[in-house]
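The next block holds one structure in the form of structure tokens; read it before the comments.
The values are calculated or read from the model by the stated rules, or taken from the named source; none is laboratory data. Treat the numbers as computed from the prediction; the structure is a model and nothing was measured. Backbone-built Cβ (ideal geometry, glycine too); neighbour counts: all protein chains shown.
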Amino acid sequence: MLRGTAREAAAEFLGTFVLIVFGCGSVAQSVLSGGEVGSPMSIHLSWGLAVTMAVYCAGGVSGAHINPAVTLAMTVFRKFPVEKVLPYVLAQIAGAFVAAAVVYAVYADAFSAFDGGTRQVLGETGTAGVFATYPAAHIQAFPGGFVDQVAGTALLLLVLFGLTDRRNMHPSAHMGPFMVGALVALIGMSFGFNAGYAINPARDLGPRIFTWIAGWGDGVWTAGGSYWWVPIAGPLLGAVIGGAIYDFLITRNHPADSVEPG
């Protein structure tokens, strides 16, 4: 039986798998059906619900970070053990990779019907965006896309710290996952236009590696002005900024009743 950090990493793998298999699945059916099955709203709601289900699956064991940016912020601001960071992050990336493979296996025939069997990254028959994020035509990788990802993830961590702070009107343990899922859906509805609101490096990197191996080729790294690094670096920086803002405005100003959020 798995114990200690290995057990927690396994929970992170499972939680991230659940997140990506439902999230990317919702994008796949919308794109491959030409919008007949699914819509932008259904995608936002699906990602939010996917986060909720992932937290229910993993939260009791690992805390359900399911996101390297969250793990980083917890390490910097909430005394999460440094030695657990690498196992958590590797498990998250692996879970996302396997989930992408499952989505592809389920929709393999639909992919071929959509693109004629030739995998394209972008364009009318481009499908790499089912699995990873790419910028809209009006966005440059830097600074536009980078700012977009920093801002989205900063909001994620700022509100997430608020939701888990016992000094606030935080939700009960049973309602917490729904609130976190609602937060992700809200970010998508508010900041999804520019570049798909990438706020999770594992969610992007794991599936992107899968597409690179599965036939989309090197274009997954060069498309959008070599955009691939933005959904990794942007959320990591944004997580630190969001956590710092929350602690500066809330935690630092209430030293007398300071309670470790969690």
Checked pairs for segment 196-210, first on the phi > 0 side of the Ramachandran plot, second at pLDDT 95 or above and surrounded by fewer than 24 Cβ atoms within 10 Å (Cβ to Cβ), C-beta under 7 Å and 6 or more apart or across chains, list as Tyr197/Ile187; Tyr197/Gly188
Any idea how many residues of segment 41-70 are surrounded by fewer than 19 Cβ atoms within 10 Å (Cβ to Cβ) and not in a helix (DSSP H, G or I)?
-> 0
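Yes/no matrix, rows are residues, columns are (1) buried (at least 17 other Cβ atoms within 10 Å of the Cβ); (2) within 18 Å of Phe210 (Cβ to Cβ):
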{"position": "Leu72", "(1), (2)": "yes, no"}
{"position": "Glu83", "(1), (2)": "no, no"}
{"position": "Leu90", "(1), (2)": "no, yes"}
{"position": "Ala99", "(1), (2)": "yes, yes"}
{"position": "Val102", "(1), (2)": "no, yes"}
{"position": "Tyr107", "(1), (2)": "yes, yes"}
{"position": "Ser112", "(1), (2)": "no, yes"}
Name the pairs whose Cβ atoms lie under 6 Å apart, with the first residue in segment 135-161 and within 22 Å of Val121 (Cα to Cα), the second surrounded by fewer than 17 Cβ atoms within 10 Å (Cβ to Cβ), and 6 or more positions between them or separate chains?
-> Ala141/Gly225
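Restricting to segment 183-219, name every residue that is aromatic (Phe, Trp, Tyr) and surrounded by 17 or more Cβ atoms within 10 Å (Cβ to Cβ). Even if it seems obvious, please write down each step before you answer.
Within segment 183-219, the first condition is being aromatic (Phe, Trp, Tyr), and the residues that meet it are 191, 193, 197, 210, 212, 216.
Within segment 183-219, Phe191, Tyr197, Phe210, Trp212, Trp216 qualify.
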With respect to Met189, is the statement that it is without any contact (Cβ under 8 Å) to a residue 40 or more places away in the chain and either within 23 Å of Gln29 (Cβ to Cβ) or of a type outside the set (Asp, Glu) (or both) true?
-> no
Within segment 4-42, residues over 12 Å from Asn67 (Cα atoms) and of a type in the set (Phe, Trp, Tyr) come out as Phe22
Which of the helices (runs of 4 or more DSSP H) contained wholly in segment 148-262 include at least 3 residues that are modelled with pLDDT of 95 or more and over 20 Å from Val55 (Cβ atoms)?
-> 201-211, 219-226, 230-246
